[in-house]
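Remarks on the structure that follows.
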Amino acid sequence: MGKSLMYLEMTAPDELRPSRPVEALGLRRVEPSPEVYALQARIGAPYGWRSTERTDRDWAELRAAHPLRESWVITHRGESAGIGNLEPQPGGVVEVVTFGLLPEYVGKGLGGWALTLVLRQAWATPPLPDAASVRRIWLHTSSEDHANALKNYRGRGLRLYGVEAHA
């Protein structure tokens with residue numbers, strides 16, 4: 001069986017269905033760095049993310065191609081626990097480019113609140129100059145991502161709007 005990509009969206013902030021709060025969880029904006037790239041690679045390793053194979057040069061090229069991308073480290077009790085990368089796009093759109101937790105934080109009941117925090121930050125992201133406000137947030141997930149990823153996305157109010165099957 002092949003891999004599927006699922007595309008989800010939210011078109012109003014009041015569509016967000018927050019998870020149960022986790023007091024020790026937070027977000028911290030960070031600048032791109034080798035530490036951030038290593039964090040993202042560790043998060044994606046179990047799921048075959050491309051970030052696990054990127055070289056320093058690949059990261060530099062990616063950063064140059066996407067200068068508006070913001071990285072937010074998900075923290076748990078002050079320690080790095082995951083990442084959410086957000087990128088404003090034309091028309092008041094923000095893409096959640098990356099969302100995930102480090103393997104040692106998976107399965108501990110943190111994903112719902114972590115996603116809630118990242119989606120709230122996406123709605124708070126300044127839009128590009130062609131739009132007055134953010135009007136849509138979207139992301140994609142893969143059938144090879146964590147088994148609960150799609151359930152978490154839908155549980156927070158994101159709606160499926162497209163599926164691509166790959167052999």
Send over a whole-number figure in Å² for the accessible area per residue of the chain, probe 1.4 Å.
53
What is the Cα centroid distance between region 36-83 and region 142-167, reported in whole angstrom?
20
Round to a whole number: what % of the accessible area of the chain belongs to carbon and sulfur, probe 1.4 Å?
53
For the chain, what is the calculated [θ] at 222 nm in deg cm²/dmol (nearest 500), taking -39500 (n - 2.57) for each run of four or more DSSP H residues and dividing by its residue count?
-7500 deg cm²/dmol
The chain - convex hull of the alpha-carbon atoms, volume per residue in Å³
119
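The values are calculated or read from the model by the stated rules, or taken from the named source; none is laboratory data. Please read all numbers here as calculations on a predicted model, not as lab measurements. SASA here: full protein model, heavy atoms, side chains in, ligands and nucleic acids out. Shrake-Rupley method; radii C 1.70, N 1.55, O 1.52, S 1.80 Å.
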